[in-house]
Each structure stands twice: as C-alpha cells, then as structure tokens.
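A.B. asks: Pasting a structure below so you can have a look.
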Amino acid sequence: MERRRIGRSSLVVSDICLGTMTFGSSCNEAEAFRIMDRAFEAGIDFLDAAEIYPTPPEKKWVNRTEAIVGRWMQTKPRDAVIIATKFCGPGHGWFVPPVREGHTGIDRHHIRRAVEGSLKRLQTDYIDLYQTHWPDHDFPYEHTLEVLDELVVEGKIRYAGCSNETPWGLMKSLAASENSRTVRYESIQNNFSLINRRFEDSLAEICRQEKISCLPYSPIGGGVLSGKYLDGKFPEGARFSNYIKNGGERQKVMTERFINEKSLATTAALQEIAQELEIPLAALATAWSKQHDFVASTIIGVNTVEQLEEILPASELVLADDVMSRIDEITNRYPYPLG
C-alpha cells in the first residue's frame, strides 16, 4: 500500500485510512476488532475517529467509538498506528451534538476537555492528528489555533487539522496561523467523491498551493457508490435504509441529498466501467479518490469485513488515463448530484 505525507507534517500514512464512525452502533465491538485487524494486516496504518462517534450521534452511545479503538490499540504497538480524531464544533449552529450537554465550542475550555477525554478513551498519551469536526466562522481562528499550539508543545497532539471547512475558512485559518505564529491546519477532511466533486472547485487549488492535504471522507458516497441502492433498493441494515425507517428530519433530508436521480444515474454508469475492469464499484470509487495529487489518504467506512474486502483492491489499483476520462464524462453529464 502506498504511503503519503500529510501536508507539511512528518506524518506519512497509508493512502487508505480506516474510518470508524459506526463502531459501537451499527457495527459491534467484535466486528470492529475484526475490521481493524484485517485493515492493519492489509497495510492500513491510519485510523480516523471523533469524540462524537458513533453515528447517528445519540447520547446513549456517544464516545463509544474512541473507547473501542482504544481497546484495539492495546493489541498493537502504539507507534505502528497513526490515530486521528476530532473535537466537536459549535453546538449553537446547524447541529447540537450530544456532548457536554450540547454546549460545545472550539475555544480553550472545550478543546482541552475534549482532548483529555479522547486521550483517556483511546488509552494513549498523544494523538497524531487532532481535528476540528466542523468550524465556527464567527469565532476567531486565532483562539482555536493558540490552544492547539499549546497542545502540540505539551506533546498531547502532534498536528492539527480541520474538517467540513470552506475555502474562506481554510484561508482565514492560514492567515491566523501566520499572524499568530501558531500551528496551522495540515489537513482538511471534507466530503469528496464521484457524486460530490465540489472540493475541486476551489479547495483543491488551496491545498496544492499551501501544501495542505485533503483526507476525503465518504468516497463511496455514503454507500451509494457501492451500487446497493440501484433499482429502488433500500437494503436492510444499510445507512440510508435506517435513516428512512428510523431517522429524524435531518437524516431524511440527508437521504434525499445522497439518493436521487443524478446520483443513481452516475452510479449506474460507473458500474458499467467497474464491471468491464472486473472490480467492485466501491474499489473503483476509492481508487479514483486516491488518484488526486491533493489527497493524502482516503477515508473508508465499513460495517463488516466483507465490505472492507470489496474496497481493498483499490490499494493496488491505478486507473488508466482513458478510464479517468470516461469517469469525467459521466460526472460532467450528471453535475453536482448532491446539490
């Protein structure tokens, strides 16, 4: 498996990262251990978590994921695994997280409480990459970066990153870092896939020019690009099947955003290419994500070892230029399926 540097940091990681956001909810601990063992065996040395996980975020199981990852980490040498996790963004915006009674923020008080909790659950004395889960554009970036800088000096984190950030926010953070002479965000973890190529509009150029790495999440489009939702199917146990059946208004809106006429047409056309190449569609989508110069590691998420096995062929797959061109033709035909 290829390994790549994150930003200007010393972190060099596998170009596939194992996401863990279902560990403790739709994926039980025993299966999570099997998934992490198989991923590690395959050469994946980079794991991504968050204090709010697992999903869907509910108070009854919040923090479980980090605890599961922490117990698994005791079976491996600490230095053999690169751990990324995230602290919650503000709780007064689009979403109120079930953490700290919903009064979360990205200030010194909350970041320090969050990092101490994550260190304890992960059973480690340092976090390799510590990320803002979502931004607060009304709060000074200087304040957030100053405390992250303190944590680096104290040895509790090695590097900082952001997630769900905008072009304005990323550039604002860089200016704040330069002016305050603090750590900067070395990575940006945003949604990027064959049904959501918005990252390429402007964030990709920022990453190239500023040497910041994208860590794409949801490269399989929430499972849509596995093909399992084609022909009107909603398989039992699948994420959007659960959202339709048991989810709240936010989950139902998200389902409609991911599963629509454009996204399904894109998936059907891509499936033809995958069949010609004799590879799983999920592997094609992951390989495509990896094949961008601004991407350091693509974050995959699975509920079973079998799902992981479908993606692992991407670790050695390089798509030919003509295949990449055919993919571009398809995504140009159905632009911005996620709106």
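The values are calculated or read from the model by the stated rules, or taken from the named source; none is laboratory data. Predicted model only: the values in this text are computed from it and were never measured. Glycine gets a Cβ as well: all are built from the backbone with ideal geometry, and neighbour counts include every protein chain shown.
A.B. asks: Looking at the range 43-62, can you tell me whether even one residue there is assigned to a helix (DSSP H, G or I) and over 18 Å from the mean Cα position of the chain (by Cα)?
C.D. replies: For the range 43-62, residues assigned to a helix (DSSP H, G or I) and over 18 Å from the mean Cα position of the chain (by Cα): absent.
A.B. asks: Another question about this same structure. When residues of the range 285-326 are filtered for being of a type in the set (Gly, Ala, Ser) and under 15 Å from Arg4 (Cα atoms), how many remain?
C.D. replies: Looking only at the range 285-326, we keep the residues that are of a type in the set (Gly, Ala, Ser), and these are 285, 287, 289, 296-297, 301, 314-315, 320, 325.
Cutting the leftovers down to under 15 Å from Arg4 (Cα atoms) gives us 287, 289, 296-297, 315.
Matching residues across the range 285-326 total 5.
A.B. asks: Could you please give the count of residues in the range 76-94 that are out of contact with any Pro (no Cβ under 9 Å at 6 or more places or on another chain) and either more than 24 Å from Val13 (Cβ to Cβ) or free of Cβ contacts under 8 Å to residues at least 12 places away in the same chain (or both)?
C.D. replies: Here the count works out to 5.
A.B. asks: So, in the range 1-37, of the ones that are among the hydroxyl-bearing types (Ser, Thr, Tyr) and in a loop (DSSP other than H, G, I, E, B), which residue ends up surrounded by the most Cβ atoms within 10 Å (Cβ to Cβ)?
C.D. replies: Residue satisfying both the conditions and the ranking: Thr20.
A.B. asks: Can you confirm whether Val81 is β-branched (Val, Ile, Thr), within 19 Å of the chain's Cα centre (by Cα) and farther than 16 Å from Tyr53 by Cβ?
C.D. replies: yes
A.B. asks: Within the range 57-66, does at least one residue satisfy the condition of being modelled with pLDDT under 95, crowded, with 18+ Cβ neighbours inside 10 Å and closer than 20 Å to Gly222 by Cα?
C.D. replies: Yes; the residues of the range 57-66 include at least one that is modelled with pLDDT under 95, crowded, with 18+ Cβ neighbours inside 10 Å and closer than 20 Å to Gly222 by Cα.
A.B. asks: Take the conditions closer than 23 Å to Leu203 by Cα and either assigned to a helix (DSSP H, G or I) or within 18 Å of the chain's Cα centre (by Cα) (or both) and apply them to Asn332. Does it pass?
C.D. replies: yes
A.B. asks: Which residue out of Thr65, Thr85 is assigned to a strand (DSSP E or B) and either in contact with a Phe, Trp or Tyr (Cβ under 7 Å, 6 or more places away or on another chain) or within 26 Å of Arg5 (Cβ to Cβ) (or both)? First the steps, then the outcome.
C.D. replies: Working: Thr65 fails: assigned to a strand (DSSP E or B).
Selected residue: Thr85, the only one of Thr65, Thr85 that is assigned to a strand (DSSP E or B) and either in contact with a Phe, Trp or Tyr (Cβ under 7 Å, 6 or more places away or on another chain) or within 26 Å of Arg5 (Cβ to Cβ) (or both).
A.B. asks: Taking the criterion of being more than 30 Å from Val12 (Cα to Cα) and either at pLDDT 95 or above or within 18 Å of the chain's Cα centre (by Cα) (or both), would at least one residue in the range 289-310 satisfy it?
C.D. replies: Checked the range 289-310: no residue is more than 30 Å from Val12 (Cα to Cα) and either at pLDDT 95 or above or within 18 Å of the chain's Cα centre (by Cα) (or both).
A.B. asks: May I pose another question? Looking at Asn242, is it of a type in the set (S, T, N, Q), under 18 Å from Val302 (Cβ atoms) and at pLDDT below 85?
C.D. replies: So Asn242 passes the test.
A.B. asks: Tally the residues that are of a type outside the set (Ser, Thr, Tyr), buried (at least 22 other Cβ atoms within 10 Å of the Cβ) and outside any loop (DSSP other than H, G, I, E, B), restricting the search to the range 213-238. Even if it seems obvious, please write down each step before you answer.
C.D. replies: So in the range 213-238, the residues of a type outside the set (Ser, Thr, Tyr) come out as 214-216, 219-225, 227-228, 230-238.
Filter once more, keeping what is buried (at least 22 other Cβ atoms within 10 Å of the Cβ): 214-216, 219-225.
From the residues that got through so far, the ones that are outside any loop (DSSP other than H, G, I, E, B) too are 214, 221-225.
Number of matching residues: 6.
A.B. asks: For the range 314-323, name all the residues that are touching a residue at least 24 places away in the same chain (Cβ under 8 Å) and either surrounded by 13 or more Cβ atoms within 10 Å (Cβ to Cβ) or outside any helix (DSSP H, G or I) (or both).
C.D. replies: Within the range 314-323, Ala314, Ser315, Leu317, Val318, Leu319, Val323 qualify.
A.B. asks: Another question, if that's okay. Hey, can you tell me all the residues within the range 89-127 that are buried (at least 21 other Cβ atoms within 10 Å of the Cβ), among the small types (Gly, Ala, Ser) and part of a helix (DSSP H, G or I)?
C.D. replies: Hits for the range 89-127 are Ala114, Ser118.
A.B. asks: Looking at Glu186, Glu150, Glu210, can you tell me which residue is crowded, with 22+ Cβ neighbours inside 10 Å, modelled with pLDDT of 95 or more and over 24 Å from Asn332 (Cα atoms)?
C.D. replies: Glu186
A.B. asks: Check off (1) outside any helix (DSSP H, G or I); (2) crowded, with 18+ Cβ neighbours inside 10 Å; (3) small (Gly, Ala, Ser) for Ser241 and give me the number that stays unchecked.
C.D. replies: Condition (1) is where Ser241 drops out.
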